[in-house]
Amino acid sequence: MRRLLLGAVVVALIMGGCATTTAPAPTAFNPTDVAWLQLVVPMTENALTAARLAPEHTASAAVRSAAEICSGSQERLLTRLRAVRDRAGLPAGDVHSGHRMPGMVTAADLIALRGDRGAGFDRRLVALLRAHAAQLVVLARGEQASGADAETRELAREVGAEGTRESEVLPKTA
């Protein structure tokens with residue numbers, strides 16, 4: 001009986017070893033990873049769209065500069081966020097479209113920004129980008145604490161650090 005059990009264990013180990021050498025197991029994304037990606041990608045896309053309006057709408061060189069800093073970092077992060085989202089097999093659409101969420105620049109916000117100029121634009125843009133940066137930090141902590149995918153957790157660390165950097169730039173601008 002012991003030999004039979006030992007033989008079954010050896011066969012299972014051999015079979016398991018063979019299975020893993022032919023194709024690596026896909027990385028498991030847990031619900032936290034999925035929710036984080038589904039939220040942070042559109043948040044970043046919308047904040048980037050808002051920041052890109054600054055050169056034509058702002059009255060302030062400081063706001064223009066801060067928006068450029070935010071745009072550059074958001075573009076770099078967005079490329080990586082989309083790559084991880086795609087690796088997770090998630091759709092490119094915004095599952096949160098139409099939802100009013102902390103840190104989310106909405107379609108209505110973008111319409112208001114496009115119609116505004118000068119000091120009013122500056123106040124609105126800086127407030128939206130501050131909220132976005134602060135929420136990135138909060139969401140990044142959640143992903144780092146509860147996410148399963150190592151690359152996604154590392155990306156969350158970088159996103160949180162960028163949110164902190166943006167928060168440091170933005171209060172000085174409006």
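The values are calculated or read from the model by the stated rules, or taken from the named source; none is laboratory data. Nothing here was measured: the structure is a model prediction, and the numbers come from that model. Here Cβ is always computed from backbone atoms with ideal geometry, including for glycine, and neighbour counts include all displayed protein chains. Keep in mind that these areas ignore ligands, DNA and RNA; they rest on the heavy atoms of the full protein, side chains included. Shrake-Rupley method; radii C 1.70, N 1.55, O 1.52, S 1.80 Å.
The table below lists the values:
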read-out: Close pairs from segment 95-117: first farther than 14 Å from Val40 by Cα, partner open to solvent by 70 Å² or more (accessible area, probe 1.4 Å) and among the charged types (D, E, K, R), Cβ under 7 Å, at least 6 apart; value: Ala112/Arg124; Leu113/Arg124; Asp116/Arg124
read-out: For Pro26: the one exception among (1) at pLDDT 95 or above; (2) farther than 20 Å from Val126 by Cα; value: (1)
read-out: Residues (part of a loop (DSSP other than H, G, I, E, B) and either among the aliphatic types (A, V, I, L, M) or open to solvent by 70 Å² or more (accessible area, probe 1.4 Å) (or both)) located in segment 68-89; value: Ala88
read-out: Enumerated helices (runs of 4 or more DSSP H) restricted to segment 90-174, each holding at least 3 residues that are more than 14 Å from the chain's Cα centre (by Cα), surrounded by fewer than 17 Cβ atoms within 10 Å (Cβ to Cβ) and among the basic types (Lys, Arg); value: none
read-out: Filtered residue count, segment 51-67, keeping only those that are surrounded by 15 or more Cβ atoms within 10 Å (Cβ to Cβ), without any contact (Cβ under 8 Å) to a residue 60 or more places away in the chain and outside any loop (DSSP other than H, G, I, E, B); value: 1
